[in-house]
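Undergrad: Once you've had a glance at the structure underneath, I'll fire off some questions.
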Amino acid sequence: MEIPFVGGCACGAVRYECTAEPLMALNCHCRDCQRASGTAYASGIFVPASAFTFTKGTPKYHVSTADSGNSASRGFCAECGSPVVATQAAYPMLIIYASSLDDPSWHRPAMDIFTSSAQPWDHMDPALLKYPKGFV
């Protein structure tokens, strides 16, 4: 991984740059993340919000209540629908969807959270830490 790292949506209408190393990376299996990602989980990279900048366009946000009971705000491209970023009231950081990275090959999640909501067909990596709920 090179710093800064960049990414954006599928159509290129939303682009970003991050100038800090990730604080953590994980897979979230809560129902809200399943719905937002369209599959079994959302894979996210947590970064300091102060190190993140949109360089082109801005996402549209949808606010919901996550399984934790906290407010979650998910930013996606209004043109192509690609998930780009999220915030979660429980965490004072910005979450970048790993799928939005230009080079997602360096992404290494360290844990699975909300595994109590995981789908039975989701085969999680047994080497990752598992938390039935959040980790805070």
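Undergrad: For region 58-70, enumerate the residues that are in contact with a Cys (Cβ under 9 Å, 6 or more places away or on another chain) and either surrounded by fewer than 13 Cβ atoms within 10 Å (Cβ to Cβ) or polar (S, T, N, Q) (or both).
TA: First, the residues of region 58-70 that are in contact with a Cys (Cβ under 9 Å, 6 or more places away or on another chain): 59-60, 66-68.
Of everything in region 58-70, just one residue is in contact with a Cys (Cβ under 9 Å, 6 or more places away or on another chain) and either surrounded by fewer than 13 Cβ atoms within 10 Å (Cβ to Cβ) or polar (S, T, N, Q) (or both), namely 68.
Undergrad: Every residue in region 97-110 that is surrounded by 21 or more Cβ atoms within 10 Å (Cβ to Cβ), of a type outside the set (Gly, Ala, Ser) and not in a strand (DSSP E or B), please.
TA: Of everything in region 97-110, nothing turns out to be surrounded by 21 or more Cβ atoms within 10 Å (Cβ to Cβ), of a type outside the set (Gly, Ala, Ser) and not in a strand (DSSP E or B).
Undergrad: Still on this structure: Pick from 128, 94, 26: which is at pLDDT 95 or above and surrounded by fewer than 20 Cβ atoms within 10 Å (Cβ to Cβ)?
TA: Working: 94 fails: surrounded by fewer than 20 Cβ atoms within 10 Å (Cβ to Cβ); 26 fails: surrounded by fewer than 20 Cβ atoms within 10 Å (Cβ to Cβ).
That would be 128, the only listed residue that is at pLDDT 95 or above and surrounded by fewer than 20 Cβ atoms within 10 Å (Cβ to Cβ).
Undergrad: A further question on this structure: Kindly establish whether residue 17 is surrounded by 14 or more Cβ atoms within 10 Å (Cβ to Cβ) and of a type in the set (Asp, Glu). Don't jump to the end; show me each part of the working.
TA: On the way: surrounded by 14 or more Cβ atoms within 10 Å (Cβ to Cβ): yes; of a type in the set (Asp, Glu): yes.
So residue 17 fits the description; yes.
A quick yes/no check of all residues on (1) among the charged types (D, E, K, R); (2) modelled with pLDDT under 95; (3) surrounded by 13 or more Cβ atoms within 10 Å (Cβ to Cβ):
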| residue | (1), (2), (3) |
| --- | --- |
| 32 | yes, yes, yes |
| 37 | no, yes, yes |
| 40 | no, no, yes |
| 47 | no, no, yes |
| 52 | no, no, yes |
| 72 | no, yes, yes |
| 88 | no, yes, yes |
| 112 | yes, no, yes |
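The values are calculated or read from the model by the stated rules, or taken from the named source; none is laboratory data. All of these numbers come straight from a predicted model, not from anything done at the bench. Cβ sites come from the backbone with ideal geometry, for glycine too, and all protein chains shown count toward neighbours.
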